[in-house]
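Everything on this sheet refers to the single structure shown next.
The values are calculated or read from the model by the stated rules, or taken from the named source; none is laboratory data. In this text the structure is predicted, and so the values were computed from the model without any measurement. For neighbour counting, all protein chains shown are included, and Cβ atoms are generated from backbone atoms with ideal geometry for every residue, glycine included.
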Amino acid sequence: MTGKPVRLVDIAREAGVSLGAASQVMNGTGRIGQATQRRVLEAAERLGYRPNALARSIASGRSRTIAILAENASGQFCMPVLVGLNRALSGANLTSILYDAAHDDDLRAAHLREIQGRQAEGVVVIGEGPDVPASQIPHEVAGLTVYAFARPPGDGGVSVVPDNEQGGRLAAEHLQGLGRRTLVHVTAQAGLQAVTDRATGFVRGAEAAGSEVRVLYGGFDRRWGYEAADRILAEAPGTDAVFAGNDQIAVGLAAQLHARGVRIPQDVAIIGFDNVAGIEGDLDPFLTSVDPALTAVGTRAAQVVVDTLSGSAAAPASAVVPCWLAVGRSTVGGPADGRDHVLEELLLH
């Protein structure tokens with residue numbers, strides 16, 4: 001092999017057709033007979049032809065570029081969304097460019113000017129959840145804006161988020177299936193969208209099976225988990241299961257209950273939310289947790305972009321992606337795992 005790029009003239013010569021006919025086949029224009037199309041495409045395959053993306057972009061007047069604007073690329077939840085986005089956009093032969101706003105208004109504005117200069121055909125904003133305000137993308141920057149793991153800050157833009165309410169139902173169904181009937185939901189501040197949705201799903205799921213749920217509101221931190229554990233033991237000593245609003249709360253709960261002599265899961269089963277170990281590419285052998293399927297959120301956001309640009313489907317106002325449950329010993333028990341140092345480390349600090 002010479003290493004030289006394959007040209008249209010080479011394909012035409014190999015297929016025994018005119019250069020114009022080869023060009024029409026490769027660009028999907030004109031009316032060329034099926035037999036000729038087949039010869040041209042087979043010749044292109046044999047020669048390993050790869051169209052010049054830049055030339056095609058200039059000829060078509062389309063950049064085929066999608067800008068990805070991360071509110072905080074180093075944040076815990078950005079990477080899985082980005083992985084899903086990039087895989088799907090690459091699979092659709094769309095180029096993506098990542099910009100990190102890093103919570104800096106000036107940097108975000110500079111990125112938006114760059115995006116506009118590149119004539120991106122769409123912008124996907126990766127947010128930090130439905131409770132954290134996302135950037136407003138000016139209409140002149142791009143014709144299509146999709147908010148992944150975020151809700152639009154105003155009118156316009158498509159929102160793709162995890163189905164937090166369905167995630168709450170998953171937790172209730174899992175605990176009910178284990179025979180747990182006295183349930184507590186320990187979560188963060190009332191009024192936050194994610195808090196409301198997860199609590200709604202959990203309470204409705206539990207009540208549908210005949211159980212009542214006590215809800216305790218606090219914060220999304222481990223310290224609140226410690227405090228909530230003491231409140232549960234003092235105010236609801238018969239509790240046999242707790243669904244925590246995130247993994248930080250769940251770990252704090254588990255550590256404090258363990259310190260107070262409560263066996264997990266024999267006495268109290270615990271479920272978290274976020275599956276943080278899964279985000280980091282591991283499976284926590286201890287903590288059962290609802291996984292918000294953030295890679296699937298990124299994939300769905302990319303699909304909205306692809307479908308809209310191709311004209312195969314109109315952009316929806318919003319889309320929710322089902323969660324799934326990562327099951328660990330905090331609900332189903334089992335022998336200790338060599339990686340399970342969560343409680344021991346917490347009790348030493």
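Annotations for the structure displayed:
- Checking each residue in the range 113-130 for being at pLDDT 90 or above and at negative phi picks out VAL123, VAL124, VAL125, ILE126, GLY127, GLU128.
- One residue from ALA88, ALA120 being farther than 24 Å from ASP197 by Cα, among the hydrophobic types (A, V, I, L, M, F, W, C), assigned to a helix (DSSP H, G or I) and assigned by TED's automatic domain parsing to the domain that holds ALA301: ALA88
- Residue within the range 31-38 that is modelled with pLDDT under 80, among the polar types (S, T, N, Q) and not assigned by TED's automatic domain parsing to the domain that holds ARG113 present: no
- Within the range 174-223, considering residues that are over 22 Å from VAL251 (Cβ atoms) and of a type in the set (Ser, Thr, Tyr), the one surrounded by the fewest Cβ atoms within 10 Å (Cβ to Cβ): THR200
- Positions within the range 319-345 being modelled with pLDDT of 85 or more and not hydrophobic (A, V, I, L, M, F, W, C), in sequence order: PRO322, GLY328, ARG329, SER330, THR331, GLY333
- Screening the range 149-254 for strands (runs of 3 or more DSSP E) wholly inside it with 1 or more residues that are modelled with pLDDT of 95 or more and under 30 Å from ALA314 (Cα atoms) returns the ranges 158-162.
- Candidates ASP307, ASP230, ASP274, ASP240: the one that is surrounded by fewer than 19 Cβ atoms within 10 Å (Cβ to Cβ), in contact with a Ser or Thr (Cβ under 9 Å, 6 or more places away or on another chain) and charged (D, E, K, R) is ASP240.
- Checked against (1) on the phi < 0 side of the Ramachandran plot; (2) modelled with pLDDT of 90 or more, GLY16 passes all but a single condition, namely (1).
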